[in-house]
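Have a look at the structure below before the remarks.
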C-alpha cells in the first residue's frame, strides 16, 4: 500500500471520546452519518455548516480523564495508521494543550500505535483562536512555548471573519512568538472565499495554509502561493460536505499542482465527515492523479511536516521503499461500486 500522510487532522475530542466510551460500555456511538445527511440537506453551504461542527458534544468533558485522553488519541492515530499513514499531525485545542503532562500523554499514545504499525510517527499541533480575549490568548501562547520544549510541533491559527478580510495584527505577533519557539505555523484561510489568503501567505513564518480552496479565483494568488513556497493542506471530503466546492470535479487540487504549489492531504474532522486518509487519497485519484502524483503528495507532506530532520529522513526512506499500491481492498471495492463520493464511505 502506498504510504500516505495526514497533515490536517483535528482531535474531535468529544466525538472521539464518545467512540471510546461506546466501545468501553458496548453501546452504539453517536450517529454521525445521519448528522451529515441533515447538515448537507438542511443547512446552507459555507460558514453555516462549519459552525455546526462545534455544536454537538456527545461525550462530556469530565469523562476525558488522562486514561481516556490516551485512549482517544490512540484511536485517532491508529485509525490514521491503519488507513496507510506513515506520518500524522493531530491538532488540539489550546485548552487541551494546557492540561498537565499533555505531551507525555500524547507520546504514550504515539508509542502504542507505533508498536502496532512500525515506522508510524505523529506530532501534536495546537490550534489557537485569534479572536479570544488577549489574556486567554497570551496564556495559550505561553503554554505553547513551554510545550515546544517537550515536543509540541506547531500551531494552527484560526481568525474571524473567516470569509472576509480579517485583521491579522494579532496573528503576526502570534506567528513571531511561535517561530521564536521553534514551532511550525499553519493557518486556516480561503476555504469559502479568497479573503485572507494573501495576508496569510505574506506573513514570514507561515509555511502552510489549510484549505485555500478559493485561491484559484485570482491567478495572482496562485503565483503568490507558489512564490512563497506555501504548502496547501487539501481536505477533499471536508470541502465537499461543507460546500466549499459543489462537486469533486470542481475542486482546485489539480490547479494547485499545475501552478507548482505543493499540496498535502488531510482528513480534517474524520469522524464527523466519515472519512479516512485512504479515502482522501482515493478521491485525489478520482481527480486524475497518478500513483506517482499521489506519492508526491506524501513527499510534499513530509517536506512540510512540523517534525525533526531525523524523522523526515526516516520517513522519506520509508516512502521510497514502500510498494506502489494506492487502494486498499475496502476503498477499491468502493470505487467499483460508484459510491465513492457519498458521505460516510
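Every number in this text was worked out from the coordinates using simple rules, so none of it is lab data. Not measured: the values here are computed from a predicted model. Methodologically, a virtual Cβ is constructed for each residue, glycine included, from the backbone with ideal geometry; neighbour enumeration extends over all protein chains shown.
Dividing the helix sum by the residues of the chain, where each DSSP H run of 4 or more adds -39500 (n - 2.57), gives a mean residue ellipticity at 222 nm of -14500 deg cm²/dmol.
Relative contact order of the chain: 21 percent, from C-alpha pairs under 8 Å at least 6 residues apart in sequence.
Could you tell me the distance between the Cα centroids of the stretch 44-115 and the stretch 158-225, to the nearest Å? Each part reduced to its Cα centre gives a spacing of 24 Å.
As an exercise, use a Förster radius of 22 Å and the Cβ-Cβ distance of residue 131 and residue 176 to find the FRET efficiency, rounded to the nearest 0.05. Between residue 131 and residue 176 the formula returns 0.75. Footprinting exposure proxy ranking of 129, 3, 77, fewest other C-beta atoms within 10 angstrom first, gives 129, 3, 77. Measuring r between the beta carbons of residue 150 and residue 114 and using R0 = 25 Å, the FRET efficiency lands at 0.85. Here the spin labels are modelled as points 7 Å beyond Cα on the Cα-Cβ line, and at residue 160 and residue 217 they lie 2.0 nm apart.
Distances between every pair of Cα atoms in the chain, grouped in 10 Å steps from 0 to the bin holding the largest one, split as 5, 26, 37, 26, 5, 0 percent. By other beta-carbon atoms within 10 Å, ranking 213, 38 with the fewest at the front produces 38, 213.
For the stretch 108-215, just say rounded, prolate or oblate: build the C-alpha gyration tensor, square-root its eigenvalues into a ≥ b ≥ c, call rounded for a/c under 1.5, and beyond that prolate if a/b exceeds b/c, oblate if not. The shape class here is oblate. Between residue 291 and residue 303, the modelled label-to-label distance comes to 2.2 nm, taking each label 7 Å out from Cα in the direction of the beta carbon. Measuring from centroid to centroid over Cα atoms, what is the spacing of the stretch 1-35 and the stretch 270-324 in Å? The stretch 1-35 and the stretch 270-324 have Cα centres separated by 21 Å. Most simply put, the chain has about 0% antiparallel DSSP beta bridges, counting only bridges with both residues inside it. Ordered by the number of other Cβ atoms lying within 10 Å of each residue's own Cβ, fewest first, 208, 19 fall into the sequence 19, 208. Output the relative contact order of the stretch 151-190, whole-number percent, from Cα pairs under 8 angstrom with separation of 6+ residues. The normalised contact order for the stretch 151-190 reaches 63 percent. As a length-normalised measure over Cα pairs under 8 Å and 6 or more apart, the relative contact order of the stretch 88-192 settles at 27 percent.
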